[in-house]
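The values are calculated or read from the model by the stated rules, or taken from the named source; none is laboratory data. If you're wondering where the values come from, they're calculated on a predicted model, not measured in any experiment. Using ideal geometry, Cβ is built from the backbone for each residue, glycine included, and neighbour counts are taken over all protein chains shown. Keep in mind that these areas ignore ligands, DNA and RNA; they rest on the heavy atoms of the full protein, side chains included. Shrake-Rupley method; radii C 1.70, N 1.55, O 1.52, S 1.80 Å.
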Amino acid sequence: MNETVAARASNILHQWVQSESLRKHCYAVADSMKHFAQLRGENADLWEAVGLLHDMDYERHPNLERSPTEGHPFVSVAWLREHGWSEEVCRAILSHADYANVSRETALEKTLYAVDELSGFVVAVAPQRAFKMSMYAL
């Protein structure tokens, strides 16, 4: 049976990322990307994979100094290219980092940028909201 692109991406994510919180972030981005791809009639499997992979190197190479050539996301994109991932995927991942100086031109690139920003907020707020909701149930 053929493995989906998103399943391949999930395996890579688990090889590269040990942090549970970073994995949750990537899964939140992936879920949103899949949703918006379906709304637009795009390749949901590919969009989900981009969401899973966009921060795969952040734990090992965070690039806090925002170098325009080294660290996150350049390490992961180089690895993905070496392993046969498409330029569409690589370019989208590069474009989500402002300091990479890759303009966001496609719907995939623009959606990743927006979803990445919003997912951080949602993941941070969701546990608080769930706690408050459980208090009302008492």
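Within the chain, the selection of entire DSSP H helices by a Cα span of 18 Å or greater along the long axis and an average Kyte-Doolittle value of at least -1.0 returns 20-40, 107-137.
Which whole-number value in Å² is the accessible area per residue of the stretch 44-119, probe 1.4 Å?
Values: 3480 Å² over 76 residues.
Averaged over the residues of the stretch 44-119, the accessible area is 46 Å².
Within the set of other residues whose C-beta is less than 11 Å from the C-beta of Ala44, count the net charge using Lys and Arg as +1 and Asp and Glu as -1. Every neighbour counted, the sum reads -2.
At the residue level, Leu118 shows approximately 110 square angstrom of accessible surface with a 1.4 angstrom probe and all protein chains present.
A 1.4 Å probe, protein heavy atoms only, puts the accessible area of Glu48 near 40 Å².
Dividing the alpha-carbon radius of gyration of the stretch 1-49 by the rule-of-thumb value 2.2 N^0.38 Å gives 1.17. Coordinate range of the alpha-carbon atoms in the chain per principal axis, descending: 54, 39, 30 Å.
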